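Colleague: Okay, here's the structure, questions in a sec.
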Amino acid sequence: MTKESIAEKTRTWAGLSFVRIPKGRFIMGSKEDDDLAWDDEKPQHTLELPYDYWVARFPISVADLREFVQSTAYVTRAEREGWCWVWNVEEMKWEKTEGANWEHPLGHRRGEATIEHHPVVQVCWYDAGAFCEWLDRNHNHELPEGYHFCLPSEAEWEKAARGPKGREWPWGNEFDPGLCNSRESGRFHTVEIGTSSPQGDSEYGVADMSGNIWEWTSTLWGNDRHTASFGYPYLSQDGREKQSAGEEFFRIIRGGSYKDDLKGVRSACRDLDPPDYSLSNLGFRVFVAPCRVPTAGGAAPRGIATGTPQCTSSL
């Protein structure tokens, strides 16, 4: 997809560029014989999302978050606590680092200045939600009726990344280290958003869905890091989209990062973190989707009061 054709398909709201993802079925998860897949990605199934939605072409940047902070005087969780987690490239381990935050993702003492057009990191799930709420307060009038700015469900994220036919990576089924910022690139740090676009874009024209940073979703994993409370097939009404769940419940993250290999940056790969964690390879992307309708299970499909997306086949 060329930059010209992408431009024809985008909408601009709140100063951000969004691409439409059409309603309908897509392949979610991984096949049983996929040697790159983890067990929590199985079984592969066909899921129907019965609504159009939009996804920001790029993750939220440092500059985007700076505008939010300057407008609201918002203080992130990492800033309040005075530390967060930084990946030590030399020792290949996570370190609790004082002074690390979204402006100084590696900490003050490392002399790392932020770069405005890199994806913002060191933001927890609650920080990402606060950003979306701020957009909604100020720009909801720009959106189609019944829609809002939000974090995506992992189903919405995966469809935007791999298209309807279940690509292994956003661009296709053959890994190309030149199309994403993964471990194979050897950088071990973030790069500017859109560096691999449009060649590394998804079928819909969404950029940076593979590597560079992990991205928060709205979806719950459960309260046990080693065992998913909410497995596959994906069912939106089983409680996994409960937004009011406490900090003891892990949230799903997607996309892989600069420290992950080709296996970790696949479109079907799932990982998880506590919602109060801030990491040097974790940020977020904004979606525009139908407002949720609360149910006893936590949340109905976006804008749908009854009838969960259907798992129509196992592939």
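Colleague: Would you mind telling me which numbered condition in (1) surrounded by 14 or more Cβ atoms within 10 Å (Cβ to Cβ); (2) more than 30 Å from Gly205 (Cβ to Cβ); (3) charged (D, E, K, R) Glu91 fails?
Modeller: Every listed condition holds for Glu91 apart from (1).
Colleague: Could you tell me which numbered condition Val191 fails, if it satisfies all but one of (1) surrounded by fewer than 22 Cβ atoms within 10 Å (Cβ to Cβ); (2) farther than 22 Å from Asp260 by Cβ?
Modeller: Status for Val191: all satisfied but (2).
Colleague: Give the residue, chosen from Val89, Val55, Val120, that is among the aliphatic types (A, V, I, L, M) and over 30 Å from Gly15 (Cβ atoms).
Modeller: Numbers: Val55 fails: over 30 Å from Gly15 (Cβ atoms); Val120 fails: over 30 Å from Gly15 (Cβ atoms).
Result of the check over Val89, Val55, Val120: Val89.
Colleague: Just the residues that are farther than 30 Å from Ser196 by Cα and either surrounded by 14 or more Cβ atoms within 10 Å (Cβ to Cβ) or at pLDDT below 95 (or both), please, taken from the range 73-88. It would help to see each step written out before you state the result.
Modeller: Residues of the range 73-88 that are farther than 30 Å from Ser196 by Cα, as a first pass: 73-75, 77, 79-83.
Hits for the range 73-88 are Tyr74, Arg77, Glu79, Trp83.
Colleague: Can you give me the number of residues within the range 243-264 that are basic (Lys, Arg) and farther than 19 Å from Asp40 by Cβ? Outline the logic, then answer.
Modeller: Taking the range 243-264 and keeping what is basic (Lys, Arg), we get 251, 254, 259, 263.
The next check asks that each one be farther than 19 Å from Asp40 by Cβ; those that pass are 259.
Count: 1.
Colleague: Now a separate question. Determine whether Ser218 is in contact with a Pro (Cβ under 7 Å, 6 or more places away or on another chain), assigned to a loop (DSSP other than H, G, I, E, B), at negative phi and modelled with pLDDT of 95 or more.
Modeller: Values: in contact with a Pro (Cβ under 7 Å, 6 or more places away or on another chain): yes; assigned to a loop (DSSP other than H, G, I, E, B): no; at negative phi: yes; modelled with pLDDT of 95 or more: yes.
So Ser218 fails the test.
Colleague: Can you confirm whether Pro233 is surrounded by fewer than 21 Cβ atoms within 10 Å (Cβ to Cβ), within 15 Å of the chain's Cα centre (by Cα), closer than 25 Å to Cys291 by Cα and in contact (Cβ under 8 Å) with a residue 24 or more places away in the chain?
Modeller: No, not satisfied.
Colleague: Identify all residues within the range 144-163 that are out of contact with any helix residue (DSSP H, G or I) (no Cβ under 7 Å at 6 or more places or on another chain) and closer than 18 Å to Asp208 by Cα; write none if there are none. Even if it seems obvious, please write down each step before you answer.
Modeller: Start the filter on the range 144-163 by keeping residues that are out of contact with any helix residue (DSSP H, G or I) (no Cβ under 7 Å at 6 or more places or on another chain), which leaves 144-147, 152-163.
Answer for the range 144-163, where residues must be out of contact with any helix residue (DSSP H, G or I) (no Cβ under 7 Å at 6 or more places or on another chain) and closer than 18 Å to Asp208 by Cα: Pro152, Ser153, Glu154, Ala155, Glu156, Trp157, Glu158, Lys159, Ala160, Ala161, Arg162, Gly163.
Residue-wise test of (1) of a type in the set (A, V, I, L, M, F, W, C); (2) in contact (Cβ under 8 Å) with a residue 12 or more places away in the chain; (3) part of a loop (DSSP other than H, G, I, E, B).
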site	(1), (2), (3)
Leu65	yes, yes, no
Gln70	no, no, no
Val75	yes, no, yes
Glu91	no, no, yes
Asn101	no, yes, yes
Ile115	yes, yes, yes
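Colleague: Further question: When you go through Gly200, Gly205 one by one, which is the residue that is on the phi > 0 side of the Ramachandran plot, in a loop (DSSP other than H, G, I, E, B) and either surrounded by fewer than 18 Cβ atoms within 10 Å (Cβ to Cβ) or among the small types (Gly, Ala, Ser) (or both)? Spell out the reasoning first.
Modeller: On the way: Gly200 fails: on the phi > 0 side of the Ramachandran plot.
On inspection, the qualifying residue turns out to be Gly205.
Colleague: Can you run down the residue pairs with Cβ atoms below 7 Å, 6 or more apart or on separate chains, where the first is in the range 187-202 and free of Cβ contacts under 8 Å to residues at least 40 places away in the same chain and within 14 Å of Val265 (Cα to Cα) and the partner is crowded, with 20+ Cβ neighbours inside 10 Å and among the hydroxyl-bearing types (Ser, Thr, Tyr)?
Modeller: As it stands, the answer is Gly200/Ser210, since those pairs meet every condition given.
Colleague: Do we find a residue being assigned to a loop (DSSP other than H, G, I, E, B), of a type in the set (Ser, Thr, Tyr) and farther than 18 Å from Gln44 by Cβ anywhere in the range 153-162? Quick ask: steps written out before the conclusion?
Modeller: Start the filter on the range 153-162 by keeping residues that are assigned to a loop (DSSP other than H, G, I, E, B), which leaves 153.
So of that shortlist, the ones also of a type in the set (Ser, Thr, Tyr) come out as 153.
Those still in the list that are farther than 18 Å from Gln44 by Cβ too: none.
The answer is no; no qualifying residue exists.
The values are calculated or read from the model by the stated rules, or taken from the named source; none is laboratory data. All figures in this text were calculated on a predicted structure; none of them were measured in a lab. Glycine gets a Cβ as well: all are built from the backbone with ideal geometry, and neighbour counts include every protein chain shown.
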